[in-house]
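What follows is a single structure, written as structure tokens, with notes after it.
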Amino acid sequence: MAKACHAGVYAVGIQNMRVAFLVNSGLRWTALVSGSLLLAWLMEKAGMPAAFLLAPMIVAIGASLNGFHFHINKILVLLAQSITGCLVASYLTQKSVRFIWSHPVLMVLSVAGTFVAAMVCGLVLAKVTRLPREVALWGSMPGMAATVLAIAEEEDIDGRVVALVLYTRVLLVVALVSVLASVFGHGGPAHLQLLQEATFSSTAQWAILVPVIGISVLIGRTGVFPLATTLIPVVLISIIETMLGRRLLVPFYLVQAAFVVIGFQIGLRFTRDLIRKALTIVPMIIMSNTLLVIFSLGGAKLLSWLFGLDLVTATLAAVPGSFESVVGLALSNNADMSVVFALQTARIFCVVFIGPALVRWTIKNVTW
């Protein structure tokens, strides 16, 4: 009887521990999400780029360093990567496609030049910091930060240091381009033709997004096809947009939710040892990113001279910063949006389709 009573008390105790754990876990997640959304809102009010990616990352780093442990379901990560792929495809506008086809020399010179500069700066960064080459190269990769991070994670590369390198460059680029735009730009409404293209209705939009995201997540979960969760949405939605002559807009809240998941995934993996190591290499990261920006400004000057572009448009088209911040600066400084969108979009597509192969080729064939 005593044994049965003892067993009953033990079972109740275990049950209470489970309930407490679930309650505490729920409270921790509530605090993490609430803090991230509040910081993202404040960052957006301050005009900072990619707020819904950076804020969750910062809050998650703080939580991780203070001993709070969280687990993010793999399905959520795959969904976030797939939504990021849909977002990339949504930038493929008809006007951008026409500009790309009608200016092939401009496209090749700009995109190839930026990629060569990024690979050189990545190799220099790896050399002076002893970071793994793949981490330094992905950190130096031009393109939308969320896309680069999603692909790096799919390639099983440490996204924590990649994020550190990327966002150091984003802050540097935003500061430099803002100064340049204030000196050479012309305030006022920008070329808005790109924003007036035909789009899908809300029903059609979801009818496309749901199966595309579902297919990419199912294939990505198998692990058979590398980068499936990012590449499949890019390919399928680009084909649909081209065939139907309409642009698919990914809902704002869906994109921000994906950014939050990616930010959590990276931030929660930071440790005290990694932070200490990161602080020692920050000066070298700034040096490498400054070198990349200088290369880009030189390329912008060349594009301006060869093709008669104004300097602000050429710079915004060539600079490897945050896509969102670059477009925002272009809209507020009367830059030619067809040029900026075309070159930035082409670069994002190149990151998705040739980025992984380019990084592997560079690591294998460049020995210095």
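So Tyr10 clears everything in (1) in a loop (DSSP other than H, G, I, E, B); (2) at pLDDT below 50 except one condition, right? Which one?
Condition (1) is where Tyr10 drops out.
For the stretch 291-314, name all the residues that are open to solvent by less than 50 Å² (accessible area, probe 1.4 Å), of a type outside the set (Gly, Ala, Ser) and under 22 Å from the mean Cα position of the chain (by Cα).
Residues satisfying the conditions are Leu292, Val293.
With the requirement that a residue be more than 16 Å from Ser25 (Cβ to Cβ) and exposed (fewer than 14 other Cβ atoms within 10 Å of the Cβ), what does the stretch 63-87 give you?
Lys74, Ile75 - these are the residues of the stretch 63-87 that are more than 16 Å from Ser25 (Cβ to Cβ) and exposed (fewer than 14 other Cβ atoms within 10 Å of the Cβ).
For the stretch 251-259, does any single residue satisfy the condition of being touching a Ser or Thr at 6+ places or on another chain (Cβ under 6 Å) and either surrounded by fewer than 22 Cβ atoms within 10 Å (Cβ to Cβ) or assigned to a helix (DSSP H, G or I) (or both)?
Looking through the stretch 251-259, at least one residue is touching a Ser or Thr at 6+ places or on another chain (Cβ under 6 Å) and either surrounded by fewer than 22 Cβ atoms within 10 Å (Cβ to Cβ) or assigned to a helix (DSSP H, G or I) (or both).
Out of Ser332, Ser296, Ser325, Ser304, which single residue is of a type in the set (Gly, Ala, Ser), touching a helix residue (DSSP H, G or I) at 6+ places or on another chain (Cβ under 7 Å) and at pLDDT below 80? Explain how you work it out, then say what you get.
Numbers: Ser332 fails: touching a helix residue (DSSP H, G or I) at 6+ places or on another chain (Cβ under 7 Å); Ser296 fails: at pLDDT below 80; Ser304 fails: at pLDDT below 80.
From the options Ser332, Ser296, Ser325, Ser304, the qualifying one is Ser325.
Restricting to the stretch 40-52, count the residues that are assigned to a helix (DSSP H, G or I) and closer than 23 Å to Glu154 by Cβ. Walk me through it before giving the result.
Pass one, the stretch 40-52, residues assigned to a helix (DSSP H, G or I): 40-45, 51-52.
Cutting the leftovers down to closer than 23 Å to Glu154 by Cβ gives us 52.
Final tally of qualifying residues: 1.
Just give me the residues in the stretch 343-361 being surrounded by fewer than 18 Cβ atoms within 10 Å (Cβ to Cβ) and not aliphatic (A, V, I, L, M), in sequence order.
Listed by number, the residues that qualify are Phe353, Arg360, Trp361.
Which of the residues spanning the stretch 262-281 are assigned to a helix (DSSP H, G or I), out of contact with any Leu (no Cβ under 8 Å at 6 or more places or on another chain) and surrounded by 13 or more Cβ atoms within 10 Å (Cβ to Cβ)?
Once the filter is applied, which keeps residues that are assigned to a helix (DSSP H, G or I), out of contact with any Leu (no Cβ under 8 Å at 6 or more places or on another chain) and surrounded by 13 or more Cβ atoms within 10 Å (Cβ to Cβ), the stretch 262-281 yields Gln265, Gly267, Leu274, Lys277.
Could you check, for the stretch 33-45, whether at least one of its residues is polar (S, T, N, Q) and closer than 30 Å to Gln344 by Cβ?
Within the stretch 33-45, one or more residues are polar (S, T, N, Q) and closer than 30 Å to Gln344 by Cβ.
Looking at this structure, is Val235 assigned to a helix (DSSP H, G or I), within 15 Å of Tyr91 (Cβ to Cβ) and open to solvent by 30 Å² or more (accessible area, probe 1.4 Å)?
Yes.
Does Asp310 satisfy being at pLDDT below 85 and closer than 22 Å to Phe70 by Cα?
Against the criterion (at pLDDT below 85 and closer than 22 Å to Phe70 by Cα), Asp310 does not qualify.
From Gly223, Gly263, grab the single residue that is of a type outside the set (A, V, I, L, M) and without any contact (Cβ under 8 Å) to a residue 12 or more places away in the chain.
Matching residue, one of Gly223, Gly263: Gly223.
Filter the stretch 94-152 down to residues that are outside any helix (DSSP H, G or I) and either touching a Ser or Thr at 6+ places or on another chain (Cβ under 8 Å) or free of Cβ contacts under 8 Å to residues at least 60 places away in the same chain (or both), then give me how many there are.
The total comes to 5.
Inside the stretch 53-92, can you point out the residues that are more than 20 Å from Thr230 (Cβ to Cβ) and part of a loop (DSSP other than H, G, I, E, B)?
Asn66, Gly67, Phe68, His69, Phe70, His71
Specify the residue that is nearest to Phe270 (Cα to Cα); the eligible residues are those in the stretch 123-171 that are of a type in the set (A, V, I, L, M, F, W, C) and open to solvent by 30 Å² or more (accessible area, probe 1.4 Å).
Leu164
The values are calculated or read from the model by the stated rules, or taken from the named source; none is laboratory data. What you see is a predicted model; the values in this text were computed from it and never measured. Reconstructed Cβ throughout: ideal geometry from the backbone, glycine too, with neighbour counts over all protein chains shown. With ligands, DNA and RNA removed, areas are computed over all heavy atoms of the protein, side chains included. Shrake-Rupley method; radii C 1.70, N 1.55, O 1.52, S 1.80 Å.
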